[in-house]
Amino acid sequence: MKKQRIFYLAVRAAAICTLGLMALPLSAAEVTTRMVWGALPVAGFQYYAGKRLWEGLKVGDALTLVRETDNPHDANAIRIEWRGEMLGHVPRAGNGAVAKLMDKGVKVSGRIVHLQPGRSHWQRILFEIVLDE
């Protein structure tokens with residue numbers, strides 16, 4: 001129960017502090033194996049494979065989140081991949097809490113929740129973060 005409570009508090013604090021995300025209305029007893037929060041934009045979409053892969057992306061597609069501990073620009077960097085291709089990063093303003101959880105061994109993944117053609121690169125892809133205990 002103590003492990004669940006710590007996990008719950010860490011995720012809840014991250015959700016409250018990260019990019020104005022909604023706090024999840026869960027009690028510690030309800031948090032058992034999985035927690036989802038989002039929607040976040042993919043940072044750097046315009047610099048990586050996003051434009052080339054755009055036509056293949058679908059809402060609901062799984063994303064792989066990879067911790068980049070050696071990133072010279074951001075110590076908390078988390079790379080976002082789709083089918084092995086880099087789409088961008090978790091936004092810097094919201095990656096600290098997730099990076100700390102990943103560093104502690106929490107399994108983290110992502111999922112596309114919205115695709116908007118023709119919008120600015122900050123609005124093209126929205127994704128959610130899935131934390132598995």
query = Tell me, which residue of the range 28-66 that is of a type in the set (Val, Ile, Thr) and under 15 Å from VAL98 (Cα atoms) is modelled with the lowest pLDDT?
reply = VAL36
query = Can you tell me which residues in the range 87-101 are without any contact (Cβ under 8 Å) to a residue 60 or more places away in the chain and crowded, with 19+ Cβ neighbours inside 10 Å?
reply = LEU87, GLY88, HIS89, VAL90, ASN95, ALA99
message = Among the residues in the range 114-122, are any in contact (Cβ under 8 Å) with a residue 60 or more places away in the chain, open to solvent by less than 50 Å² (accessible area, probe 1.4 Å), assigned to a strand (DSSP E or B) and not aliphatic (A, V, I, L, M)?
response = no
message = Please go through (1) open to solvent by 50 Å² or more (accessible area, probe 1.4 Å); (2) more than 13 Å from the chain's Cα centre (by Cα) for GLU68 and return the number of the only condition it doesn't satisfy.
response = (1)
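Yes or no, residue by residue, for (1) farther than 19 Å from GLU55 by Cβ; (2) over 11 Å from the mean Cα position of the chain (by Cα); (3) modelled with pLDDT under 90:
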{"position": "GLU85", "(1), (2), (3)": "no, yes, no"}
{"position": "VAL90", "(1), (2), (3)": "yes, no, no"}
{"position": "SER109", "(1), (2), (3)": "yes, no, no"}
{"position": "LEU126", "(1), (2), (3)": "no, no, no"}
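The values are calculated or read from the model by the stated rules, or taken from the named source; none is laboratory data. Quick caveat: nothing in here was measured; it's all calculated off a predicted structure. All Cβ positions, glycine included, derive from the backbone under ideal geometry; neighbour counts span all protein chains shown. Please note that ligands, DNA and RNA were not included when accessible areas were found on the heavy atoms of the full protein model with its side chains. Shrake-Rupley method; radii C 1.70, N 1.55, O 1.52, S 1.80 Å.
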